[in-house]
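Here's the structure, in structure tokens; my notes come after.
The numbers here are math on the coordinates, done by the rules we state, and not lab data. Computed from a predicted model, the values in this text were never measured in an experiment. In this analysis, Cβ positions are derived from the backbone assuming ideal geometry, glycine residues included, and neighbour counts consider all displayed protein chains.
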Amino acid sequence: MVRVARLSGALLLVSLAAVPSLAAQATRPAAGAQRVGPYKAGAGADVPTAQAAISPELIAKGKTVFTSSGLCFACHGMNAEGGVGPKLVGHTFLHSGGSYDEIVTFVMNGVEPAKAKYGAKSGMPARGGSKISDDDVKAVAAYVFSISR
């Protein structure tokens, strides 16, 4: 039986190798996905957003929250050009790869001062120290994702 399983696995590998376009298709954006810009982390490859839900409206909402109730501007500046916190425009991420989902997680959880990799290493409180909703965090993440490219 083990031999049959290995044989089946080998046949599967051979059949996938025979269709090289599958790998290319797997890296293409989903229908309707928006390319926000080049990806600045790692090797600098241009990758599509995994979330087709990032829309111009969500980005605009995120900018509004960023510059008001989200309190992001207090450390990152009104134009996200940096201050106490790092510049986010054209930013290379230090704590993650910079995907939309990673930015959402980062804003939700913040970063402990001991793990901070920028400036005074004061860290970032969860939700930037504000009481914004999960939807507002996602909007801020969409905005930061869009300007970081």
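Would you mind classifying the stretch 66-111 by shape? Square roots of the alpha carbon gyration tensor eigenvalues, ordered a ≥ b ≥ c; an a/c under 1.5 is rounded, otherwise it is prolate if a/b is larger than b/c and oblate if not.
Because a/c hits 1.5 or more and a/b fails to exceed b/c, the stretch 66-111 counts as oblate.
Under a point-charge model restricted to the Cβ atoms of Lys and Arg (+1) and Asp and Glu (-1), what is the dipole moment magnitude of the stretch 46-149 relative to its Cα centre, in debye to the nearest 20?
300 debye
State the extension gain, in nm to one decimal, for the chain segment bounded by Lys117 and Thr92, taking 0.36 nm per residue of separation less the distance between their alpha-carbons.
Extra length from Lys117 to Thr92 when fully extended: 7.8 nm.
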